[in-house]
Amino acid sequence: MTMPAIAQQANAGGDQATIDKGKVTYAQKCSHCHGPNMVNSGTVTPDLRTHPDDKTRFVTTVKQGKNGKMPPWGDILSDEEISDLWAFVASRRKP
């Protein structure tokens with residue numbers, strides 16, 4: 001039995017509970033640098049709403065940090081929290 005197209009789309013980006021958990025983690029751990037709306041014009045952080053649709057790149061950046069400017073979070077956030085963050089960021093992407 002196949003799932004309806006709407007259900008497939010919802011699962012592709014993460015279910016709402018996962019997105020909501022990612023939103024909470026983002027607010028607690030990420031928003032102070034990346035801004036409450038995923039963009040912070042006062043810093044060198046990128047607009048996360050335009051982040052490439054590349055989960056592997058996202059996870060690597062979060063875990064290992066980037067360019068000596070973003071600290072690594074791999075020892076602080078669990079794999080589940082990082083996946084939840086991805087679901088939240090992916091849900092807010094501008095196409």
Task: Hits in region 51-60 - residues which are open to solvent by 80 Å² or more (accessible area, probe 1.4 Å) and either within 19 Å of residue 32 (Cα to Cα) or not acidic (Asp, Glu) (or both) - done: 55, 56, 57
Open item on the list: For region 20-50, give me each residue that is acidic (Asp, Glu) and either loosely packed, with under 14 Cβ neighbours inside 10 Å or closer than 18 Å to residue 81 by Cα (or both).
Closed with: 20
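Filter region 1-19 for residues that are modelled with pLDDT of 90 or more, open to solvent by less than 60 Å² (accessible area, probe 1.4 Å) and of a type outside the set (Ser, Thr, Tyr) and give the result. Don't jump to the end; show me each part of the working.
Let us first name the residues in region 1-19 that are modelled with pLDDT of 90 or more, namely 15-19.
From the residues that got through so far, the ones that are open to solvent by less than 60 Å² (accessible area, probe 1.4 Å) too are 18-19.
Correct list: 19 only.
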Task: Output for region 61-74, where each listed residue is under 17 Å from residue 22 (Cα atoms) and either in contact with an Asp or Glu (Cβ under 8 Å, 6 or more places away or on another chain) or open to solvent by 60 Å² or more (accessible area, probe 1.4 Å) (or both) - done: 63
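Could you tell me whether any residue of region 76-92 is open to solvent by 70 Å² or more (accessible area, probe 1.4 Å), over 16 Å from residue 18 (Cα atoms) and of a type outside the set (A, V, I, L, M, F, W, C)?
no
The values are calculated or read from the model by the stated rules, or taken from the named source; none is laboratory data. Every value quoted in this text rests on a predicted model; they were computed, and no experiment measured them. Because the Cβ atoms are built from the backbone with ideal geometry, glycine has one as well, and the counts that use them run over all protein chains shown. Protein only, heavy atoms only, side chains kept; ligands, DNA and RNA dropped before computing areas. Shrake-Rupley method; radii C 1.70, N 1.55, O 1.52, S 1.80 Å.
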